[in-house]
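Have a look at the structure below before the remarks.
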Amino acid sequence: MSSLTIKDLPREERPRERLQRYGAEVLSDAELLALLIRTGTVSESALVLAHRVLKGDGGKTGLEFVARAGIEELSKIKGIGPAKAVQIKAAVELGRRISAFCRSDDIVISSPVDVKKLLMEEMRFLEKEHFKVILLNVKNRVISIEEISIGSLNSSIVHPREVFKPAIKRSSAAIILVHNHPSGDPTPSREDIEITRRLVEAGRILGIDVLDHVIIGNPSYVSFKEKGLL
């Protein structure tokens, strides 16, 4: 079975033909990955190789492994190598950028679920902490999403001056704080809570409401407003 190539499959069962006929959304993760990999090895088809890649490294599996693994880690998988690893990582980054680009220009934030829909897929697999601010107008319509810092959250990186600078520049009525926890656990740390309180107080002085702080995990999130921490 492992020596079976994709060309040995009935034409209607091949990933490329299925995509052309039914659309990309009907393909499994392994089939989509097989199309990126393109060729397998002497003993494995691209589809079998894709299934093996998705088994991960024991700690992370599936798309989480593919999204988080570096080129070196992917290259060590038998049958992948540097060239295929680069193709996979390029596809992951392209997907992330498309997700960010395709945000609607007419989004209204009415609950933490709206924040989750807006940023979860972009932020859930990030390997470092990214701190973003959603700028809102008086009707809670999204003006823009600004990245403030990358790295472990601390008071020197997330300074009120940097957080509120874009909000003042864009005449925002309110903001929502968002950052991710690369561990996947969105439970707020003591520093998360302290920084949030500091920014809420700064917002009161400036007349810009901090409506919420949402921490993105994988696949869950925590809203400070829902938890009564705001």
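The values are calculated or read from the model by the stated rules, or taken from the named source; none is laboratory data. Note that the structure is a prediction, hence the values are computed from the model and not measured. Cβ atoms come from the backbone with ideal geometry, glycine included; neighbour counts cover every protein chain shown. For the accessible areas, the whole protein counts, side chains as well, though only heavy atoms, and no ligand, DNA or RNA atoms are used. Shrake-Rupley method; radii C 1.70, N 1.55, O 1.52, S 1.80 Å.
Under the condition of being open to solvent by 20 Å² or more (accessible area, probe 1.4 Å) and part of a helix (DSSP H, G or I), the residues counted in region 167-198 number 8. Are any of the residues in region 88-95 under 30 Å from residue 177 (Cβ atoms) and loosely packed, with under 12 Cβ neighbours inside 10 Å? Yes, region 88-95 contains at least one residue that is under 30 Å from residue 177 (Cβ atoms) and loosely packed, with under 12 Cβ neighbours inside 10 Å.
Results for (1) in contact (Cβ under 8 Å) with a residue 24 or more places away in the chain; (2) in contact with a Pro (Cβ under 8 Å, 6 or more places away or on another chain); (3) over 30 Å from residue 16 (Cβ atoms), shown as yes or no for each residue.
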site: 63; (1), (2), (3): yes, no, no
site: 68; (1), (2), (3): yes, no, no
site: 81; (1), (2), (3): no, no, no
site: 97; (1), (2), (3): no, no, no
site: 106; (1), (2), (3): yes, no, yes
site: 115; (1), (2), (3): yes, no, yes
site: 131; (1), (2), (3): yes, no, yes
site: 140; (1), (2), (3): yes, no, yes
site: 147; (1), (2), (3): no, no, yes
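Put simply, of 158, 163 the only residue that is modelled with pLDDT of 95 or more, in contact with a Leu (Cβ under 9 Å, 6 or more places away or on another chain) and hydrophobic (A, V, I, L, M, F, W, C) is 163. Only one of the numbered conditions (1) within 20 Å of the chain's Cα centre (by Cα); (2) open to solvent by less than 50 Å² (accessible area, probe 1.4 Å) is not met by residue 47, and that is (1).
Residue-by-condition table, conditions (1) open to solvent by less than 70 Å² (accessible area, probe 1.4 Å); (2) on the phi > 0 side of the Ramachandran plot:
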residue: 30; (1), (2): yes, no
residue: 38; (1), (2): no, yes
residue: 41; (1), (2): yes, no
residue: 61; (1), (2): no, no
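Residue count for region 121-163 under the criterion of being open to solvent by less than 10 Å² (accessible area, probe 1.4 Å), aliphatic (A, V, I, L, M) and not in a loop (DSSP other than H, G, I, E, B): the result is 6. Here 147, 226 are screened, and the one residue that is under 18 Å from residue 120 (Cβ atoms), under 25 Å from the mean Cα position of the chain (by Cα) and modelled with pLDDT of 95 or more is 226. Picking from residues in region 14-28 that are open to solvent by less than 30 Å² (accessible area, probe 1.4 Å) and in a loop (DSSP other than H, G, I, E, B), the one that is farthest from residue 80 (Cα to Cα) is 23.
Residues are listed down the side, and each one gets a yes or a no for (1) of a type in the set (D, E, K, R); (2) at pLDDT below 90; (3) within 24 Å of residue 89 (Cα to Cα):
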{"position": "8", "(1), (2), (3)": "yes, yes, no"}
{"position": "14", "(1), (2), (3)": "yes, yes, yes"}
{"position": "27", "(1), (2), (3)": "no, no, yes"}
{"position": "35", "(1), (2), (3)": "no, no, yes"}
